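I have placed the structure first, in the form of structure tokens, so that the comments after it can refer back to it.
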Amino acid sequence: MDEAAVDAFVANNGYLTAEVDGDASNEIQDLDLNTNTLSLSGDPTTVDLSPYLDDTTLDEAAVDAFVANNGYLTAEVDGDASNEIQNISAGTGITVTPSGQDFTVAVTNSVIAMGKINLDGTSTNITGATVIRNGVGSGNYTVTFNVGVTTDANYIVQLTLLGAGPEATIEILNVPATGSFDVQISQLSVGAGPSLTSSPLDAQWYFTVTDF
């Protein structure tokens, strides 16, 4: 199909092929909105839009009428304007006062004791227990829990040495008691034979005790 054949197909299908009113620019118009009146340039007809306006201006009384009685309190209902103000205090739990509305929320904390212990048995930082060294150079220490911290001997102990070297070991000595447990620190060495021997070592260490 050549160009002439295509032209023959599409010719006279309802669109303009030439200017018919002698003015090639009068189809281009501008919209104008003046207050509430809409008009077209080149056309004296106007449209009044004022019937479609929605007056949403509210004064304070109208706003109050909209939001009144939507479920919030507008007055004190129990006769006491201060009993909604409460204090929280910590003890074995969390207590909310004032009196008469107290309740206790249990604080869940599985750590019951922990500390950083120096080689002489003194503590740099400790809570829930006290520690003593059972003799200079013994490497043996006793951790005693504060009163009420434990109720049985099924607690879990984690021990960590601080800067004692790769041949040093730390362990719980003997069976732990409800109120205390013993710690032994040792230095391992290879003796004659060869054989592995250990000797007591005083060193810095950490402990953490959990119970749940």
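Rounded to 0.05, the FRET efficiency of the residue 153 and residue 108 pair, given R0 = 22 Å and the Cβ-Cβ distance, is 0.55. Shown in residue order for the range 117-124 are the 3J(HN,Hα) couplings computed by the Karplus curve 6.51 cos²θ - 1.76 cosθ + 1.60 at θ = phi - 60°: 10, 7, 4, 8, x, 6, 10, 7 Hz (x for Gly and Pro).
Per-residue extension of 0.36 nm, minus the Cα-Cα distance of residue 167 and residue 26, leaves a gain of 40.6 nm for this segment.
On full extension, the segment bounded by residue 39 and residue 19 gains 4.7 nm, given 0.36 nm per residue less the C-alpha separation. Give the calculated FRET efficiency between residue 195 and residue 124 to the nearest 0.05, with a Förster radius of 30 Å applied to their Cβ-Cβ distance. The value I calculate is 0.25.
Where a number appears in this text, it was derived from the coordinates with a stated rule and is not lab data. Keep in mind that this is a model prediction, so the values were computed, not measured. Here Cβ is always computed from backbone atoms with ideal geometry, including for glycine, and neighbour counts include all displayed protein chains.
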